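To start, the structure under review is shown below, and the notes come after it.
The values are calculated or read from the model by the stated rules, or taken from the named source; none is laboratory data. From a predicted model like this one, the values you see are computed outputs, not experimental measurements. Cβ: placed from backbone, ideal geometry, glycine included. Neighbour counts: every protein chain shown. Keep in mind that these areas ignore ligands, DNA and RNA; they rest on the heavy atoms of the full protein, side chains included. Shrake-Rupley method; radii C 1.70, N 1.55, O 1.52, S 1.80 Å.
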Amino acid sequence: MKKQSKSTERKSKTSTNKNRNREFVTITYMFVGMFILMMGYFAYFQVFKSEDFINSPYNTRQDKFGEHVIRGSILSADGKTLAETIVDDDGSETRYYPYGNMFAHAVGYDCNGKSGIESMANFNLLRSHAFFLEQIVNGLKDEKNPGDNVITTLNYSLQEAAYNALGDDNGAIVALDPTTGKILAWVSKPDFNPNTIAADWNDIVSQTDGENSVLVNRVSQGLYPPGSTFKILTTLEYIRENPNYADYTYDCKGSITEGETEIHCYDNSVHGTEDLKKSFAKSCNSSYANIGLMLDKTSFAKLCDTLLFNKAIPSVYPSQKSSFVLNENSDTSAIMQTAIGQGQTLVTPLHMALITSAIANDGVLMKPYVIDHTENYKGISVKEYQPSTYGTLLDSKEAKTMQEFMSYVVSDGTGSKLNGQSYQAAGKTGSAEYSNVKGESHAWFTGYASTKEKGSIVVTVIVEGGGAGSSVAVPIAKQVFDAYFNN
């Protein structure tokens, strides 16, 4: 009995040891697994996230790099210096913007905070990829290393054309490459001189009307009624609900009345008998108010949601959300006003440019970007940025249909000032009322142009209080197109 008891005891100890070994192995595997996961995340963070984290405007330690590095320069895609740091004999540094106001909102400022590219590329500009032996020598001499340069996608000639075309008017112009998302021009007025931002700061921030501040980047932060440019969306919804849309007809008499709501065509124009394509080309308010009454409000809201209303749009600059509020409870007046781009609908110029880009690119929206690459002070490339797809906003068939409609605006409609050029243009005009005073309206144009040699470019224009898009915004867009294709 004793021998049997010892044998049982030995088996019990062996079993206990095995269980302990099993637990030890399990714990070891768990720690090894956690270590591998941590190392994997560390590698992922270093490759994909570290720059975004360090370059966050909320990271207050960024400017510590400035104690050892001379801030790099910002250049246009065609080699113009847009911002540079000038070092005096006594070692004092001055940030200088050779073109002053022209690139104010695109490039931004580096004083009293940061904005524009100066903000988004702050970390890049304060890094130095000078040869490491050179950095060691500079450290021993207690001298700063030269920072990296940021090469943008901005085209100087195009920016100059857009800036001059807008003239003394307030508003915004943005130009994009729809196939890549490259931002080619970015103009917002009123503007400011980044060279004197420190001296002017108190006057600027003391402005009581924040929405009209010179610091507001109207391309991505200005919210406006879209006017007839919104008929792009109304048309898309009608086409989706009516496969036989080509059979649509309407007899325009210059106005339409439904209940207590009366809608007039611009300048009380009488367009006569129209199909959908002609209604779009002539920008007939009466016809589109009529169309609005036919649409399914829930489906219309879903379309606008797909086209990025009421949500954050892809943008490298701080942006406002466009708003679309039509719903099942909306009354007749709201429906008719919304269909023609009035009512409570608001949109940013950048958002209209992105919708236009998706149409021009067969339904696919590319993410807009403004930094092409960074390089050290000797011109050796450090990092390159590549085009990336945001998503498909509409299918290729719908995009082709809208391309056809927008081309008809130029050949037979309100965009005729763009007809007969060296490039093929398409677009949509708009005159958006913004007050109760009859005749006060913003002038809109959003469209694109292309040639086989130079590809495509999207241009969106808004002139605050400009009046008719056809007579004010279209000629401005033409100057930008001309600068791109003819120079």
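What to note about this one:
- The calculated FRET efficiency for residue 262 paired with residue 311, based on their beta-carbon distance and R0 = 41 Å, is about 0.75.
- Residue-span extension gain [residue 211 to residue 385] - 0.36 nm each, minus C-alpha spacing: 59.4 nm
- Whichever aspartates and glutamates have a C-alpha closer than 15 Å to that of residue 383, once near sequence neighbours (fewer than 8 apart) are set aside: 51, 52, 148, 372, 375
- Cα-based Kirkwood hydrodynamic radius, the chain, one decimal, Å: 25.3 Å
- Taking every alpha-carbon pair under 8 Å whose residues sit at least 6 apart, the chain reaches a relative contact order of 15 percent.
- The range 417-487: GluC sites (Glu not before Pro) in DSSP loop, at most 14 other beta carbons within 10 Å: 440, 453
- Shape category assigned to the range 180-334 from the gyration tensor of Cα positions, a/c cut at 1.5: prolate
- Above-threshold pairs, the threshold being 28 Å between Cα atoms, out of 367/397; 80/231; 80/454: 80/231
- Rounded, prolate or oblate (a/c below 1.5 giving rounded, otherwise prolate when a/b exceeds b/c) for the range 241-291 by Cα gyration tensor: oblate
- Pairwise centroid distance, computed over Cα atoms, of the range 120-147 with the range 323-371, Å: 46 Å
- Solvent-accessible heavy-atom area per residue, rounded to whole Å², over the chain at 1.4 Å: 49 Å²
- Distance from the range 98-117 to the range 216-238 (C-alpha centre basis), Å: 27 Å
- Filtered trypsin sites (Lys or Arg not before Pro), the range 397-485: DSSP coil and at most 15 other beta carbons within 10 Å: 438, 452, 454
- Packing-based ranking of 167-180, 121-134 yields 167-180, 121-134, ordered from highest to lowest mean Cβ neighbour count within 10 Å.
- When only alpha carbons are used to place a centre, the range 253-305 and the range 426-487 end up 21 Å from one another.
- Theoretical ellipticity at 222 nm over the chain - DSSP helices of four or more residues, -39500 (n - 2.57) apiece, nearest 500: -11000 deg cm²/dmol
- nm² value of the averaged projected area, convex hull over the Cα atoms of the range 254-335: 7.1 nm²
- All-pairs Cα distance distribution in the range 336-451, expressed in whole percent, bin size 5 Å: 2, 10, 15, 17, 17, 14, 10, 7, 4, 3, 1, 0
- Ranked by the mean number of other Cβ atoms within 10 Å per residue, highest first, peptides 295-305, 24-34 order as 295-305, 24-34.
- Carbon and sulfur %, accessible surface of the chain computed with the full protein complex present, 1.4 Å: 50 percent
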